[in-house]
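To start, the structure under review is shown below, and the notes come after it.
The values are calculated or read from the model by the stated rules, or taken from the named source; none is laboratory data. Note that the structure is a prediction, hence the values are computed from the model and not measured. With ideal geometry, Cβ positions are generated from the backbone for all residues, glycine too; neighbour counts draw on all protein chains shown. When the accessible area is computed, the model is the full protein with side chains, heavy atoms only, and any ligands, DNA or RNA have been set aside. Shrake-Rupley method; radii C 1.70, N 1.55, O 1.52, S 1.80 Å.
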Amino acid sequence: MKHISSSFNICAVYGAKESSPPQLSPGQVPVERLTVSYSRSSGPGGQHVNKVNTKAEVRFHVQTADWIPESVRQQILEKNKNRINKCGELLVTSQVSRSQHRNLSECIQKICTIITEATETQQGPTPEDEALRAARLEKRDKERLKQKKMASNKKQSRQVGFD
């Protein structure tokens, strides 16, 4: 198992489009918090995969990641339940390439994407959407009441009057 002991902007180093300022931001990950390990891959490569550890595994503990805001950590926990192990570590793997470096790059890019997706907030409905929704609800309710009235009239017409 290999531990990396420096801090750098992962998105900038591994090919993201924008680089962040020097202070820690959601795109910047302190690398000493990541645990990187390599193992034999089942990907392409013929006999090469039987000899070289190319599969990259990157993990970090989500709850103790104080470089991520608390709300973003909660979103990560909710959205990535299947990637988090019993110890609370987010596990990202890649075995796409024959290269150890490319697989590591792919893992780190996945982590950046996970953090970015958890950071984004969903926008509320626009006033036009709300008006359209209200109109549809009103139309649905009118149709439902019309159907109930028709069923009621049908049942009343079946009754025999004993007056």
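Structure above, values below:
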item: Average accessible area per residue (Å²) across the range 108-163 - probe 1.4 Å, nucleic acids and ligands excluded; result: 93
item: Paramagnetic reach from Q122 in the range 75-103 [backbone N under 20 Å; point 7 Å along Cα→Cβ]; result: 75-83
item: Accessible surface of the range 34-105 [probe 1.4 Å, protein heavy atoms]: carbon and sulfur percent; result: 45
item: Sites E70 and E138, calculated FRET efficiency, Cβ-Cβ separation with R0 45 Å, nearest 0.05; result: 0.65
item: Point-to-point label distance, H101-K79, nm (Cα→Cβ direction, 7 Å offset); result: 3.0
item: Under 18 Å between alpha carbons - lysine pairs in the range 33-163 that sit 8 or more apart or on different chains; result: 7
item: Ranking by accessible area, most exposed first, for T121, T64 with a 1.4 Å probe; result: T121, T64
item: Charge sum, other residues only, whose C-beta stays under 13 Å from L91's C-beta, Lys/Arg counted +1 and Asp/Glu -1; result: +4
item: Prolate/oblate/rounded label for the range 51-127 (Cα gyration tensor, a/c 1.5); result: prolate
